[in-house]
Amino acid sequence: MTTDIVLLAILMFAVTYPSRALGLLTPGFERLPAIATDYLQLVGPAVLATLAAVAVMVVENEDGTPTFHVGVEWVGVFVCLAIVARKGNLLLGLVAAVGIVAIARAVGLDTLAI
């Protein structure tokens, strides 16, 4: 992991936080139509999900060309989705996904043969 990812996370926070904090910062925000409020609340998670999907599905070869990747990270994503759908707890899903990927990498099962 490089520090570029940390910088990306800070940049994502700076870009998505204002749209999520709009309700606290703008008087009369509650008068917006429900669909507009729903949209503004989902902008941040949608951007994060898109970046995470690219990080899981695309890797670079030795020559620098991006290729489609199937690995243990996919298992982590599906476990996270299942836990969030079942329990409604994002933190628990993320912890489980990170744990699965970390254990698989420590044991040496970090790539699936597909």
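What follows draws every value from the coordinates through simple rules; no lab data is involved. Being a predicted model, the structure only gives us computed values, none of them experimental. All Cβ positions, even for glycine, are placed from backbone atoms using ideal geometry, and neighbour counts span all protein chains on display.
A few points about this structure:
- Computed [θ] at 222 nm, helices only, for the chain once each DSSP H run of length n ≥ 4 contributes -39500 (n - 2.57): -24500 deg cm²/dmol
- Residue 16-residue 107 FRET efficiency (beta carbon distance; Förster radius 41 Å; 0.05 resolution): 0.70
- Cα Rg, Dmax, region 70-114, angstrom units: 10.8, 32
- As a calculated quantity, the FRET efficiency between residue 98 and residue 31 at R0 = 35 Å, using C-beta atoms, amounts to about 0.30.
- Quick note on the chain: its Rg to Rh ratio, both from C-alpha atoms and Rh being the Kirkwood radius, is 1.06.
- Maximal additional length on extending the residue 51-residue 90 stretch stands at 12.4 nm, based on 0.36 nm per residue less the C-alpha distance.
- Cα gyration tensor of region 11-71 - equivalent ellipsoid semi-axes, whole Å, descending: 36, 12, 6
- Max mean-square fluctuation residue, GNM over the chain, Cα-Cα springs under 10 Å, options 77, 54, 95: 95
- For the chain, a Gaussian network of Cα nodes joined below 10 Å ranks 93, 71, 28 by mean-square fluctuation, and the top entry is 28.
- Separation in nanometres of the label points that stand 7 Å from Cα toward Cβ, at residue 5 and residue 39: 3.3 nm
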